[in-house]
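To keep things clear, I will list the structure first and then write my remarks on it.
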Amino acid sequence: MSRSVFTALCVLSLVATPVHAEPQRWALSDPWNISFYPATQGCLAYATFDGTGIFIGFDTLEDVPALDITLLDSRWQSIESGSSYPVSLTFGNNAPWVLEMTGVHMDGAPGLHILIDATMDRSATFIEEFQSEMKMRWSYADTTLGEFTLQGSRQAFQQVVACQTAHAETIAAPSSGLPANAETVSTSVSAGTD
């Protein structure tokens, strides 16, 4: 795990914040918009590619900080809130990740959401692939959900970490453990490659 991500995650578990309804913009890192979301006590980068909104960052509402990933697309009308969807995500030419995502409806659009324990080594690997590759491809079963550029992703996630660190002085996680909707992550890489 990178030192800056590890430092941000450690600081997250130590502090407290009042809850505000609206996101607070932190920075713009074209094409990403980085904001602090009081509802999740986390900073997220957001961008829209080909009609699909992508959020990636942190949710620190619980004791264990989570990597928060959400995709929203008004064309995905068949997604049912609360249903589970095994989604494949490939960064560049790396081995695909299999994410057990949950169907959601947010901001009037259907989408997919997952929380991943951010203290796991695999979270650091996920973040590194997100930052270092030039494209990502999302699919469900035989359907391609989208292939998107990762232009500016390194700078965007560095801003997410800076935002999270800055807000950490006012954030405290409740003591109930992982969020109830936290999911585990698996990759198609064999266990011997960790």
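Computed from the coordinates by the stated procedures, all read-outs in this text should not be read as laboratory data. Because the structure is predicted, anything quoted here is derived from the model rather than measured.
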Applied in sequence order to region 147-159, the curve 6.51 cos²θ - 1.76 cosθ + 1.60 (Karplus, θ = phi - 60°) yields integer Hz couplings, x standing for Gly and Pro, of 10, 10, 5, 10, 3, x, 5, 5, 5, 4, 6, 4, 5
Taking the square root of 5λ for each eigenvalue of the C-alpha gyration tensor of region 59-115, the equivalent ellipsoid has semi-axes, largest first and in whole angstrom, of 19, 18, 10
How big is region 88-160 on each of its three principal axes, counting only the C-alpha atoms and giving the largest first in Å? 29, 24, 22
